[in-house]
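Peer 1: Could you have a look at this structure, given as C-alpha cells, before my questions?
The values are calculated or read from the model by the stated rules, or taken from the named source; none is laboratory data. As the structure is a computational prediction, the values presented were derived from the model and not from experiment. Here Cβ is always computed from backbone atoms with ideal geometry, including for glycine, and neighbour counts include all displayed protein chains.
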C-alpha cells in the first residue's frame, strides 16, 4: 500500500478532538451527564468555567503522559514479551475475542476466590494480593495491546520509519481517547484490561511457552 502518513495525522488529531469534546461537553465527575450544546451559556462565573475546562484538559494530559511513561518502562523492561503479545494480538479478531474471554474468566475466578478467602481469617489478605497481581498483569497486557494498536495504525498509514516509542505513543493516544467516549469508554476500558490479562495468561507472561506440570511429573518419576 502506498504510504499515506497524513492518515496517521488525521487519526491522531481525531483522538485529541475526542478528548477535548468529551471534556468540554460532558460533566465527567457526575456520571458523565451531558452539559448541553452550549455549556458556557449557563451562568457559572464564565472565567471559572473556562479555568475548569482548561484544568480538566491538563488533567487528561497528565494522565496520558503518566500512562505513556509507565508503558515505556514496561517496553524497556520486557521488549520481547511485549512484541510477542503484540504479534499475537494483530493475528486476527478471533484471537482477540479468545483473549477477551480468557481475561473475563480470570476476573470471575479471582472474584470467586476472593469471596471464599474473605470468609477465613487466615486467607483474609489473599484478595488484596490477588487484586494487585491482576492489576500488574493487566498493565503488562495492556501495554502489549497499546503497542499493537499503534503499530497497526502506523502500518495502515504506510509509515515505514516507525520506532517502538512512536508506535506506543500513538497507540496510547488512540486507546485513551476511546476510553473517554461517554458510555462507550468504560466498555473499552474493561475490554482492553480483559484482553491484556487474557494475552498475558495465554502466552505465559509473554514467554510463548505453554502452561504445563511436566517438571513436577518428572520430579515425581525421578
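Peer 1: Scan segment 97-111 for residues that are touching a helix residue (DSSP H, G or I) at 6+ places or on another chain (Cβ under 6 Å) and either closer than 17 Å to residue 188 by Cα or in a loop (DSSP other than H, G, I, E, B) (or both) and report the count.
Peer 2: Matching residues across segment 97-111 total 5.
Peer 1: Let me ask another. Being in contact (Cβ under 8 Å) with a residue 24 or more places away in the chain, more than 11 Å from the chain's Cα centre (by Cα), surrounded by fewer than 20 Cβ atoms within 10 Å (Cβ to Cβ) and not in a loop (DSSP other than H, G, I, E, B) is the requirement here; does residue 169 meet it?
Peer 2: Against the criterion (in contact (Cβ under 8 Å) with a residue 24 or more places away in the chain, more than 11 Å from the chain's Cα centre (by Cα), surrounded by fewer than 20 Cβ atoms within 10 Å (Cβ to Cβ) and not in a loop (DSSP other than H, G, I, E, B)), residue 169 qualifies.
Peer 1: Quick check, is residue 101 at pLDDT 90 or above and surrounded by 12 or more Cβ atoms within 10 Å (Cβ to Cβ)?
Peer 2: Yes.
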